[in-house]
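Following: one structure in structure tokens, then a few remarks.
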Amino acid sequence: MEELSEESREFLKNLRLYLLSSGKKETEIEDIVGELEDHLSEAEKDGKSVEMIIGRTPKAYMDQLAGEMSFDPRNLLVYGPMILLGVICFDILNKAADGIFSWSLLEITGNLLITLLGLILIILLFKYVASRQISKIREHLFFYGCSLTPIVLFVGLTYLDRAVVSPVIHLGTAGQITSVTLACLFLIGVAIWSKTWVSVLMPAFLIVPELLLNQTGMDAATKSVLSLLITFSGIGIYLYIVMRSERKKAQAKQSQI
């Protein structure tokens, strides 16, 4: 099969993202994308564009295709609770790093609601970006905004929790050991299941620097700056390695076509 044009590859990538974020079954998505890839490859030999092949705008085609496919609740039932549990585990480890093992009812409720809001924003953003032709700058701004919104809300929740009195749950020594152990096992289990260490590395990048710097005699401002510097440097290096690895895989795949 001849290599597809950049336009067709971008369309297939966006179609896959749009259908996944619409809750469609992954196997059906791959079948449709694979079949459409063959059609695009053949049609491009005659000089046809993507819109000529699908007979409408990409957004209209994606909307129609998504409407014809059945909704698969398994992704929601699997990934939804997994993400919620991941947030809870991160919160437990973050509390452990600060030596605090208590949660207010407001904090627990707020964390769950903000996490759900973050998931909804991500799904809507994926569908929006996949179905429209926007510049890379706007796309990056949208993703940064979507990522920053939950962070700002979590920070706001922290200050609100200090100002509002609500029932508090305290964990004893046994509860502390059990919760930390279960949180670590869950994150490691997710890493093994997903075949990627992101669920372990991201919490480590966020928690370990602060934990280590707390053992020094530095003032609070210096520790905060160094902690952020180490965290973002670690995340940046990890993302660079992942992107480089994925690029090599894509190039190897293209060379086999």
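Numerical summary
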{"read-out": "Surface share of carbon and sulfur [accessible, 1.4 angstrom probe, percent] for the chain", "value": "67 percent"}
{"read-out": "Accessible solvent surface per residue of the chain, calculated while the other protein chains remain in place, 1.4 angstrom probe, Å²", "value": "64 Å²"}
{"read-out": "Options Asn111, Ser166, Leu187, ranked by Cα towards positive dipole end of the chain, top entry (Cβ charges)", "value": "Ser166"}
{"read-out": "Reciprocal mean inverse distance between Cα atoms of the range 1-156 - Kirkwood radius, Å", "value": "18.1 Å"}
{"read-out": "Proximal aspartates and glutamates relative to Lys48, as straight alpha-carbon distance under 16 Å, when same-chain residues fewer than 8 apart are discounted", "value": "Glu2, Glu3, Glu6, Glu7, Glu10, Glu37, Asp38"}
{"read-out": "Mean separation of Cα contacts under 8 Å, 6 or more apart, over the residue count of the chain: relative contact order %", "value": "23 percent"}
{"read-out": "Leu121-Thr158 pseudo-label distance in nm [points 7 Å out on the Cα-to-Cβ vector]", "value": "1.6 nm"}
{"read-out": "Efficiency of FRET from Cβ geometry, Ile137 and Ser245, R₀ 25 Å, rounded to 0.05", "value": "0.45"}
{"read-out": "Between the range 101-121 and the range 178-216, the alpha-carbon center distance in angstrom", "value": "19 Å"}
{"read-out": "Unsatisfied cross-links (Cα-Cα over 25 Å) in the set Lys59/Lys195; Lys25/Lys45; Lys25/Lys127", "value": "Lys59/Lys195; Lys25/Lys45"}
{"read-out": "Kyte-Doolittle mean at least 0.0 and Cα axial length at least 27 Å: DSSP H helices in the chain", "value": "73-98, 105-130, 136-163, 173-194, 220-256"}
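The values are calculated or read from the model by the stated rules, or taken from the named source; none is laboratory data. Fair warning: this is a prediction, and the values are worked out from it, not measured in the lab. Cβ: placed from backbone, ideal geometry, glycine included. Neighbour counts: every protein chain shown. When the accessible area is computed, the model is the full protein with side chains, heavy atoms only, and any ligands, DNA or RNA have been set aside. Shrake-Rupley method; radii C 1.70, N 1.55, O 1.52, S 1.80 Å.
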